[in-house]
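A short write-up of the structure that comes next.
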Amino acid sequence: KKKARLSDLPPDALVVSQYDLDMITGIVNSVFKHPTAKRIITGAQTELSGYANLGDFRCKIRIDIMSPNGRIADLKTALSADPRKFSRAAWNNLYPIQAAFYRRCLSVLTGTTVETFDYIVVEKEPPFRVEVFSPNEDYFSIGDHIVDMCMEKIKRAIDSDDWYPDQTPKVLDVPPWAMRELQEMGGL
């Protein structure tokens, strides 16, 4: 029997490690075992791209999941699907901006107000815990506010051709967390 070699595979073959295959399989199985996640995904269209005109900008979105009833969702892997931990990770990764931006673009594209935007969150390690999060209106309002601020800054920069308006020297200081670490080590 001839031993298989990577060079024998077709050029478009996808090769993954056993670890990655186990993780992917675990994620897929866990997502489809979660009743809400399964309901959102079943029959959904995936990886949908669209362009929407928002004010002076032509914006592109790529939606992970759009269910047959128009519910949109983004699939996220995370270190933790615990609500408190994921809430922090979502904020740190600017997810309110993404949700507001996608909802705004979809409303332009469909001509209707998009009410929902869900995050299907699955942990990267066994047992691959799954949670579904639906942002509230405050989450969208904050995201909308930040989107508006960013679009205004970009418009000003384009109009003035000045992308770095404040060019004064900045003070670089030792971060507070580094000072604490130095103190704990007895260095200060």
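The values are calculated or read from the model by the stated rules, or taken from the named source; none is laboratory data. All figures in this text were calculated on a predicted structure; none of them were measured in a lab. Here the Cβ is made from the backbone with ideal geometry for all residues, glycine too, and neighbour counts use every protein chain on show. Side chains included, ligands, DNA and RNA excluded: accessible areas come from the protein's heavy atoms. Shrake-Rupley method; radii C 1.70, N 1.55, O 1.52, S 1.80 Å.
Overview of values
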| quantity | calculated |
| --- | --- |
| Yes/no for PHE140 being on the phi > 0 side of the Ramachandran plot and surrounded by 11 or more Cβ atoms within 10 Å (Cβ to Cβ) | no |
| Test: ILE120 is of a type in the set (A, V, I, L, M, F, W, C) and open to solvent by 40 Å² or more (accessible area, probe 1.4 Å) | no |
| Residues of the stretch 143-174 satisfying the condition of being basic (Lys, Arg) and either outside any helix (DSSP H, G or I) or at positive phi (or both) | LYS170 |
| Checklist (1) touching a Leu at 6+ places or on another chain (Cβ under 9 Å); (2) open to solvent by less than 70 Å² (accessible area, probe 1.4 Å); (3) of a type in the set (A, V, I, L, M, F, W, C) applied to VAL108, failing item | (2) |
| Filtered residues of the stretch 37-59 (kept if within 16 Å of the chain's Cα centre (by Cα) and either in contact (Cβ under 8 Å) with a residue 40 or more places away in the chain or more than 16 Å from SER107 (Cα to Cα) (or both)) | THR46, GLU47 |
